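What follows is a single structure, written as structure tokens, with notes after it.
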Amino acid sequence: MVLPVVAGGFLGWALGANDAANCFGTAVRSGMLRFRTATLLCAVMVVVGALLEGHAGIETLGGLTSQTALTAGLTALSAAITVTVMTLLGLPISTSQAVVGAILGIGLMQRQLNLEGLEKVVVCWVGTPLGALLLAAALYPLLGRLYNRLDLGVYRQDEALRIGLIAVGCYGGYALGANNVANVSAVLVASGLSTPLEATLIGGGSIALGALTFSRRVMATVGSGVVKLDAFSALVVVLAEALTVHVYAWVGVPVSTSQAVVGAVVGVGLVRGLRSVRLRRLRNIALGWLLTPAIGAALSAALYFVTHLRYVG
Amino acid sequence: MKLADLLFREQREVEARLAEYLDHWWSCIDGLRAGMHSFLEEGSGEQVDFYYGRVDREESTSDGLRRAVESRLFAKALLPEARGDIMRTLEAFDVVINRAESVLRQVVIERLQVEPWMLQDLARLIDQTAEGCRCLHQAGCHLLHGRDQPIAGLVRQVDEIESRCDHVEDALLERIFASDLDLARKLQLKDFVRRLGTISDLAEEVADHLHIVSIKRRV
């Protein structure tokens, strides 16, 4: 009972610490919001999103394979280790892919896997950066036309952008909770350890805790990375990311907010005709995309194997 | 107090200081115009000293306001790109009034006297310079208060005025060096005319900068 909850909580905490930056990095870095206020807003919105719309993802992930208390713990632990290793390697990570990889690894070892659900998940993984790219490319000229028509002065423009970035940051937090809570909660529900509401509260709470306690450094890094774009582009990027992730919350597949952000940045870059779309960065993301579920699966399978070794005298 | 005033207290403070800065900036230019006309009509003396004192005070006040705005901007009162634009614009504006003050300082310190045949051209030069600065002041106000459209027209006007000022300045310099004045006197007058003529050049640079900022703000 303790291992799955602690491992799940750890995974949620790591997820919150990493992904809060995708919602509020720009706002904090540019000084429009204090770090404490941003993380508090993010934490509240994550819990609200998880409670209101997190159930669909829990059903999808829970349906991939059946879980026991031990396998639930091993899944969460494998995913958490995968996330940590990939972060240390400096590769863009997707917690969702690590979790699904871990579920699959254990499913393979148990020889019980539901591949129908997996197809949907993989299609959504491909669709995340692509969807965010298309959305950002469509939103940029649309919102840009509206923004230009307002003909605001320097101050009012600044205020409009600040309010906009805070609003889309909150929406991003909501979408993060709605979509990613399944990464933590699905195995707890599937193993029968918690009711969906309890699991959602554990998942949402741990993600919120990660955002509150350990997101400062990532927020500063993502913030400075995104601020190289102007504030308007950053607003479009966060909005496109949040919309994409929210859509996948309805579909019921947890996806990566980081990959959605990268897709949106490329979308804005293409519309603006930037020549600075970094191919090396894209290659790393593709590498991370392939490696994360594979490492998650290998690790969970290995842990499952080790925990099921029996001494034969 | 409105909610927006409460939420954006820092920005509103910067906004008020900048508006004040532009008012004092224009007072400097107006003081220069009045001081120069007084000089052309009555020569250097108490009246010019009075205007020099006025311009000096306005310039000091502007400097104080500029520093207050900059320290608030360093404390992240605006978004980074707006912050950089405002700081560079302020510095560019400041160079213009520094030069305006230095023209009157030269008149006062050197107890300058100009030749009678220079008066008409100098009056034209100072009026044109003041008119260019008026257009620049308006463009600055439009940029800060949200009407981008007139900025391009005003920038064009500043550019045209600068060309006219260059013609007047060149004609004056030619006449100075074609005259029978001794070389020291010629060099003193050249320095004065050049100093006065530079104000419209600097105004044109600020106008170009404002134009770029207004274009940059559009998506």
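Below is a table of values for the structure above.
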{"item": "Number of the condition not met by A:ARG111 [criteria: (1) within 14 Å of another protein chain (Cβ to nearest Cβ); (2) on the phi > 0 side of the Ramachandran plot]", "result": "(1)"}
{"item": "Unmet requirement for B:VAL168, which otherwise passes all of (1) closer than 30 Å to B:MET87 by Cβ; (2) under 19 Å from the mean Cα position of the chain (by Cα)", "result": "(1)"}
{"item": "Top-ranked residue in segment A:144-164 [being closer than 18 Å to A:VAL28 by Cα and of a type in the set (A, V, I, L, M, F, W, C); ranked as farthest from the other protein chains (Cβ to nearest Cβ)]", "result": "A:ALA160"}
{"item": "All positions within segment A:131-160 that are buried (at least 16 other Cβ atoms within 10 Å of the Cβ), within 27 Å of A:VAL255 (Cβ to Cβ) and among the aliphatic types (A, V, I, L, M)", "result": "A:ALA132, A:LEU133, A:LEU134, A:LEU135, A:ALA136, A:ALA137, A:LEU139, A:LEU143"}
{"item": "Selection count, segment B:177-209, where residues are free of Cβ contacts under 8 Å to residues at least 60 places away in the same chain and in contact with a Lys or Arg (Cβ under 7 Å, 6 or more places away or on another chain)", "result": "1"}
{"item": "Residues being of a type in the set (Gly, Ala, Ser), more than 19 Å from the chain's Cα centre (by Cα) and more than 17 Å from B:ILE215 (Cβ to Cβ) - total across segment B:140-165", "result": "0"}
{"item": "Output for segment A:69-93, where each listed residue is over 17 Å from A:GLY9 (Cα atoms) and either outside any loop (DSSP other than H, G, I, E, B) or at pLDDT 80 or above (or both)", "result": "A:VAL85, A:MET86, A:THR87, A:LEU88"}
{"item": "Some residue of segment B:140-156 being within 14 Å of chain A (Cβ to nearest Cβ), in a loop (DSSP other than H, G, I, E, B), without any contact (Cβ under 8 Å) to a residue 40 or more places away in the chain and under 28 Å from B:ARG83 (Cα atoms)", "result": "yes"}
{"item": "Segment B:26-46, residues that are surrounded by fewer than 18 Cβ atoms within 10 Å (Cβ to Cβ) and without any contact (Cβ under 8 Å) to a residue 60 or more places away in the chain", "result": "B:GLU41, B:GLU42, B:GLY45, B:GLU46"}
{"item": "Residue ID - nearest to A:THR37 (Cα to Cα), chosen from residues in segment B:1-18 that are touching a residue at least 60 places away in the same chain (Cβ under 8 Å) and within 10 Å of another protein chain (Cβ to nearest Cβ)", "result": "B:GLU10"}
{"item": "Output for segment A:228-257, where each listed residue is in a helix (DSSP H, G or I) and out of contact with any Gly (no Cβ under 9 Å at 6 or more places or on another chain)", "result": "A:TRP250"}
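The values are calculated or read from the model by the stated rules, or taken from the named source; none is laboratory data. A quick note: this is a predicted structure, and the numbers were derived from the prediction, not measured. A quick note on method: Cβ atoms are made from the backbone with ideal geometry, for glycine too, and the neighbour counts reach across all protein chains shown.
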